[in-house]
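K.L.:
Here it is, the structure in full.
The values are calculated or read from the model by the stated rules, or taken from the named source; none is laboratory data. Computed from a prediction, not measured in an experiment: that's the story for all the values here. Using ideal geometry, Cβ is built from the backbone for each residue, glycine included, and neighbour counts are taken over all protein chains shown. Side chains are part of the model used for accessible areas, which takes the heavy atoms of the whole protein and leaves out ligands, DNA and RNA. Shrake-Rupley method; radii C 1.70, N 1.55, O 1.52, S 1.80 Å.
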Amino acid sequence: WWYGMTLSRYAGRGADPRAVEELMTRLGCDSDALVAGFHGHVFHSVEPETSWPWYAEHPELLREALADTCSATRALEILRGFPRVPVELLPAVADVAVGSSKVNRPLAQAVLRRHPRVRDLAEQGLTDRRAEIRASAAAWVGSLGERTSVPALEAALRKERKGVVRAALLLAMRECGGDAGEFLSPGVLGAEAAEGLKRRTPASLARFDLDALPEVHWKDGAGVDPRIIRWWVVLANGLNEPDGRGIIGLYLSLLEPSDADALADHVVRAWAAPTRPGPATAKGLLAFAVRMDGAGLVELVRSCMRAGPRLRVRLDALLHVLHAHGSPEALQVLLDAAQRHTMASIRGTAAALVRRTAEERGWSPEELADRTIPTAGFDDDGLLRLSYGRREFVGRLTPEFTIALTDADG
């Protein structure tokens, strides 16, 4: 046994565990003891692309690993090497795919993406008795983006009463190409808000004045019931996700654009105010920042950067907001933070978000940098348009890199 284990370790990460197991068996090792002892070495020390054939012969070991949050991550990495997930492991992987772990959930969904029954597995979670599972399942269904999932989402929406889950279902409807119009009417949203506001205001919003929110209108000009806007704030706080490209962005798109911008600015500045929700609380309100003016958002983030390490948690959340906002001004600040911020943790977070932005848009890092160079107000046609009362001037960049201004007569 000692000789076999020593040999397997010296063989390195590239050794086929099946060959080592066969050798150890020939050396007279007890088969049960062999598998139990060899598993730990293979699990942690052998690369997944090499170890998966051995685990195909011992799937029960992966089933045990999937039951623990810590070991499930490695088990899922190994499963990604399988041509197809073994039938006996499907329920365990599906459970992780809608589970509470933000690390393991996307890994499990990636493992199942190529499975022919992936849509069925995702939709099964929509009827789970636990709200958090239903919300996770909705997000999974949405990520698949299959229009054939629309009927299941509609059925779930008609039964769902939990605001957080309804938000996930509505977002999934949009991602699957469904028409969520009947679920986004003022009447439906008003009823949802009335139900959601029956519960006590969360402690994290104790210092946020819900009655001071600006008056807003729907796109058709009709006024919006103030309770709806208050509920959106409470809902965003409960979702606790600063990326506003989700349900909050969808809700804001229903408003008259200038009103949506004003509401977003109000909520985010209220969050940032020293006397309002603290730096480590209510970060979900930052989802509204997706509709802020790029220059205003950048000014807010830079002020937090100047405040120093004491606002570390707040700044980390704002970096995710810059990524979600995606404007050239926002991305420029994100690049600056990745390259020059004094805190290593902030540089690391910003660099990861820069890479994610480049991947999402199909850009190389160099192309991303090119696209975030400040434009000094010049439009895409290379002209700078300036209004001065009733007069208007047009600026053009000269070969000497100065700006030549002309009036309406040239």
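K.L.:
Within the bounds of the range 166-179, is there any residue that is more than 22 Å from the chain's Cα centre (by Cα), at pLDDT 90 or above and surrounded by 14 or more Cβ atoms within 10 Å (Cβ to Cβ)?
P.N.:
Checked the range 166-179: no residue is more than 22 Å from the chain's Cα centre (by Cα), at pLDDT 90 or above and surrounded by 14 or more Cβ atoms within 10 Å (Cβ to Cβ).
K.L.:
Looking at A194, A280, A260, which is the one that is touching a residue at least 12 places away in the same chain (Cβ under 8 Å), assigned to a helix (DSSP H, G or I), open to solvent by 10 Å² or more (accessible area, probe 1.4 Å) and aliphatic (A, V, I, L, M)?
P.N.:
Working: A280 fails: assigned to a helix (DSSP H, G or I); A260 fails: open to solvent by 10 Å² or more (accessible area, probe 1.4 Å).
Just a single option satisfies the conditions, and that option is A194.
K.L.:
Checking H217 against (1) under 22 Å from A168 (Cβ atoms); (2) open to solvent by 40 Å² or more (accessible area, probe 1.4 Å), which test does it fail?
P.N.:
(1)
K.L.:
Then there is this: Given the conditions (1) part of a helix (DSSP H, G or I); (2) farther than 13 Å from A108 by Cβ; (3) open to solvent by 30 Å² or more (accessible area, probe 1.4 Å), and given that S51 satisfies all but one, which numbered condition is not satisfied?
P.N.:
(3)
K.L.:
Sticking with this one: For E123, which of the numbered conditions (1) surrounded by fewer than 19 Cβ atoms within 10 Å (Cβ to Cβ); (2) assigned to a helix (DSSP H, G or I); (3) among the charged types (D, E, K, R) fails to hold?
P.N.:
For E123, the failing item is (1).
K.L.:
Name every residue in the range 220-257 that is surrounded by fewer than 14 Cβ atoms within 10 Å (Cβ to Cβ) and over 26 Å from L322 (Cβ atoms), in order of residue number.
P.N.:
D220, G221, A222, G223
K.L.:
Looking only at the range 273-310, filter to residues that are within 25 Å of W231 (Cβ to Cβ) and basic (K, R); which one of those is modelled with the highest pLDDT?
P.N.:
R291
K.L.:
OK, next. Looking only at the range 336-348, how many residues end up being surrounded by fewer than 21 Cβ atoms within 10 Å (Cβ to Cβ) and in a helix (DSSP H, G or I)?
P.N.:
First, the residues of the range 336-348 that are surrounded by fewer than 21 Cβ atoms within 10 Å (Cβ to Cβ): 336, 338-348.
After this cut, where a residue has to be in a helix (DSSP H, G or I) as well, the list is 336, 338-340, 344-348.
Selection size over the range 336-348: 9.
K.L.:
Here's another thing I want to ask about it. For A92, all conditions in the list (1) surrounded by fewer than 18 Cβ atoms within 10 Å (Cβ to Cβ); (2) within 29 Å of R161 (Cα to Cα); (3) of a type outside the set (F, W, Y) hold save one; what is the number of the exception?
P.N.:
Result: A92 passes all but (1).
K.L.:
Here is a follow-up. For the subset of the range 197-213 comprising residues that are within 28 Å of the chain's Cα centre (by Cα) and open to solvent by less than 60 Å² (accessible area, probe 1.4 Å), which member is farthest from L286 (Cα to Cα)? Reasoning before the result, please.
P.N.:
As a first pass, look at the range 197-213 and keep what is within 28 Å of the chain's Cα centre (by Cα): 197, 199-210, 213.
Retained after the next criterion (residues that are open to solvent by less than 60 Å² (accessible area, probe 1.4 Å)): 197, 202, 204-205, 208, 210, 213.
Working: L197: 20, P202: 16, S204: 14, L205: 13, F208: 13, L210: 15, L213: 15 Å.
Applying the filter and picking the extreme gives L197.
K.L.:
Restricting to the range 217-259, name every residue that is polar (S, T, N, Q) and more than 14 Å from A287 (Cα to Cα). Steps first, please.
P.N.:
So in the range 217-259, the residues polar (S, T, N, Q) come out as 237, 240, 253, 258.
If the condition is that a residue be polar (S, T, N, Q) and more than 14 Å from A287 (Cα to Cα), then S258 is the only one that fits.
K.L.:
OK, next. Sort out which residues of the range 126-148 are among the acidic types (D, E) and not in a helix (DSSP H, G or I), and write them in order of number. Break it down into steps so the answer makes sense when it comes.
P.N.:
Of all residues in the range 126-148, those among the acidic types (D, E) come to 128, 132, 146.
D128, E146 - these are the residues of the range 126-148 that are among the acidic types (D, E) and not in a helix (DSSP H, G or I).
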